[in-house]
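First the structure, in the form of C-alpha cells, and then the observations on it.
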Amino acid sequence: MESRVVALSVPDAIKVTRNGEKIGFTNHDPNGMVDQIASPLRREVFNRSTSMMKSVFNDESDLEEGKLEKDTDKLIRGGKLVKIHNQAVLSGLAYCISSCSMILVNKFVLSSYDFDAGISLMVYQNLVSVVIVSFLSFWGIISTEPVRWRLIRSWLPVNFIFVGMLITSIFSLKYINVAMVTVLKNVTNVITALGEMYLFKKHHDRRVWAALFLMIISAICGGITDLSFHAVGYAWQIINCFLTASYSLTLRRVMDTAKQATKSGSLNEFSMVLLNNMLSLPLGILLIFAFNEVDYLINTPLLRMPTFWLVVTFSGLLGLAISFTSMWFLHQTGATTYSLVGSLNKIPLSITGILLFKVPTSFQNFTSIIFGLLAGVFFAKAKMLERTQSSTTAK
C-alpha cells in the first residue's frame, strides 16, 4: 500500500512543479519588453523565440510527464500483481495450516485426552463459531442475513446432513489414524460424481473416472494393509463419505430456495456459517441426551482441567478459521486451484499424523496411502481440465 501511495504521489508532485515553472515563465509579460523594442523585426524575432521556447519547454515537460506516467503505470501494475500473488500465497497458507491443524487437534482431543463425547465436542465448537460470527456481525465487520423462520425452514434439511457429517467425522477420527481418514475421504468424490451423474445429468470424462477408480483401489488397499484397522471407525467413515456427498449435492438444490427466503435475495458464506452452526446447537443438544453423553460429562475429570478447555476452545477457533480462510483462498484464486491445493494438502497432513501419533504402519500401507493421496491430486487435475474444456465449449 505504501509503495502505491508513493508511486501515485510522484507524478502529481512533478506535475505541480512543472506547472509552477510554466506559470512563472508565462507570467513574464513579453509585450512589455517588446514595446521597448523599436524595430518591428526585432519584435517579431522576439515573439517567435519566445513561442519556440514555450513549445520546447512544453514538449520536454510533456515527454517527461508521459514517461513518468508510463513508469508509474508499470509500478502500479507490478505492485498489483505482487499484491495479488502475495494474497493468494498467504490465503493458501492460512487455509492449509488451519485445515491441517483442525484435524490434528481433534485427533489429539479424542485420542490423547481419550475424550469420549464427540457430539458434545461438536456442539462446543459450533457454539464458539456462533459467538464469534455474531460478534463480528454486530460490530459490522462482516454482513450476515437476519435469521427468519422461513429461512430456517428451508435450511433445515441441509443442516441435518451437516450435523451428521460433523458427528460421523469426529467418531471416525477417534478410531482411525489421520492418514487413513484422508485416504478414505476420497470415496466422497466417487459418491459425489455418481450423484451428479444421476441427479444433475452431468457427464465426466475418462480422466475423472480413472482418478475415481484409483481412489477406490487405494482405499481398499489402505484398509487391507492398515495395521490399526478398526471396523467401527471404518463404518463411521463410510457413513461420513455418504453424508458429505449428500451435503454438497443437497446444498445445490436448497440454495435457490434459501436465497428467496432472505431479505436481500442472496446468501453469503458468512450467513451460511452462522446458519449452519446456530441450527446445529439444538439438534446437537438433543443428540447429547440421546447418546447418553450427559453422564460421561458429569463424571469425567477432563472438564475440570483448564488445559483441556484451552485445547477444545482452540479447536473451535480453528473450525471457524477453516470457513474464513477457505472463503479467502477461494476468492483470491479459484475453484480449480482451491481443489488442487486441498488435495496436495492431504500429503503433509497424513505424514504429520503418522509421525505425531506414532501410528504403526508398514511399507505396503504407507505406499497405499501415498498412492491414494496422489490419486486425489490426479482427480483435482482431471476436474480442472474438465472445467477448462467445458468452458471452452460453452464459448
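Looking at (1) assigned to a helix (DSSP H, G or I); (2) over 21 Å from the mean Cα position of the chain (by Cα); (3) not charged (D, E, K, R), which one does SER326 not meet, given that it meets all the others?
(2)
Mind listing just one residue for me: the one in the stretch 104-157 that is aliphatic (A, V, I, L, M) and outside any helix (DSSP H, G or I) and, of those, farthest from ILE347 (Cα to Cα)?
Residue satisfying both the conditions and the ranking: VAL147.
Kindly list, by first and then second residue, each pair from a residue in the stretch 182-206 that is outside the structural domain of SER390 (by TED's automatic domain parsing) to a residue that is of a type outside the set (D, E, K, R), limited to pairs with Cβ atoms under 6 Å and residues at least 6 apart or on different chains.
From the stretch 182-206, no pairs qualify.
Of all residues in the stretch 229-276, which are among the charged types (D, E, K, R) and assigned to a helix (DSSP H, G or I)?
ARG252, ARG253, ASP256, LYS259, GLU269
Within the stretch 156-181, track down each residue that is touching a Lys or Arg at 6+ places or on another chain (Cβ under 7 Å) and either free of Cβ contacts under 8 Å to residues at least 12 places away in the same chain or under 15 Å from LEU373 (Cβ atoms) (or both).
VAL178
Looking at the stretch 212-246, which of the residues that are surrounded by 14 or more Cβ atoms within 10 Å (Cβ to Cβ) and touching a Phe, Trp or Tyr at 6+ places or on another chain (Cβ under 6 Å) is farthest from GLY195 (Cα to Cα)?
By that ranking, first place goes to HIS230.
Quick check on my filter: what residues within the stretch 347-366 are closer than 18 Å to LEU104 by Cβ and not in a loop (DSSP other than H, G, I, E, B)?
Correct list: ILE347, PRO348, LEU349, SER350, ILE351, THR352, GLY353, ILE354, LEU355, LEU356.
Looking only at the stretch 167-181, which residues are in a helix (DSSP H, G or I) and either among the hydrophobic types (A, V, I, L, M, F, W, C) or outside the structural domain of LEU281 (by TED's automatic domain parsing) (or both)?
ILE167, ILE170, PHE171, LEU173, VAL178, ALA179, MET180, VAL181
Might you let me know whether the stretch 277-290 holds any residue that is in contact (Cβ under 8 Å) with a residue 60 or more places away in the chain and touching a Lys or Arg at 6+ places or on another chain (Cβ under 7 Å)?
no
Quick grid of which residues meet (1) more than 24 Å from ASN177 (Cα to Cα); (2) touching a helix residue (DSSP H, G or I) at 6+ places or on another chain (Cβ under 7 Å):
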| residue | (1), (2) |
| --- | --- |
| ALA211 | no, yes |
| ALA219 | no, yes |
| THR225 | no, yes |
| TYR234 | no, yes |
| LEU243 | no, yes |
| SER248 | yes, yes |
| MET255 | yes, no |
| LYS263 | yes, no |
| LEU283 | yes, yes |
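For the list (1) crowded, with 16+ Cβ neighbours inside 10 Å; (2) within 28 Å of GLN125 (Cα to Cα), I need the number of the one condition that GLY376 fails.
(2)
Of the residues LEU344, LEU349, LEU356, LEU317, only one is in the same structural domain as GLY118 (by TED's automatic domain parsing), of a type in the set (A, V, I, L, M, F, W, C) and touching a Lys or Arg at 6+ places or on another chain (Cβ under 9 Å); which?
On inspection, the qualifying residue turns out to be LEU356.
Residues in the stretch 299-332 that are over 17 Å from VAL123 (Cβ atoms) and of a type in the set (A, V, I, L, M, F, W, C): how many?
Result for the stretch 299-332: 9.
Would you check if PRO306 is within 30 Å of ASN86 (Cβ to Cβ) and loosely packed, with under 13 Cβ neighbours inside 10 Å?
So PRO306 fails the test.
Does the stretch 277-295 contain at least one residue that is in a loop (DSSP other than H, G, I, E, B) and within 28 Å of the chain's Cα centre (by Cα)? Before you say what the answer is, go through the steps one by one.
We begin by selecting, within the stretch 277-295, every residue in a loop (DSSP other than H, G, I, E, B); these are 291-292.
With the extra rule that they be within 28 Å of the chain's Cα centre (by Cα), the set shrinks to none.
Looking for residues that are in a loop (DSSP other than H, G, I, E, B) and within 28 Å of the chain's Cα centre (by Cα), one finds none in the stretch 277-295, hence no.
Looking for something over 30 Å from PHE378 (Cα atoms), surrounded by 19 or more Cβ atoms within 10 Å (Cβ to Cβ) and of a type in the set (Phe, Trp, Tyr) - is there at least one such residue anywhere in the stretch 265-274?
Within the stretch 265-274, one or more residues are over 30 Å from PHE378 (Cα atoms), surrounded by 19 or more Cβ atoms within 10 Å (Cβ to Cβ) and of a type in the set (Phe, Trp, Tyr).
The values are calculated or read from the model by the stated rules, or taken from the named source; none is laboratory data. Computed from a prediction, not measured in an experiment: that's the story for all the values here. All Cβ positions, glycine included, derive from the backbone under ideal geometry; neighbour counts span all protein chains shown.
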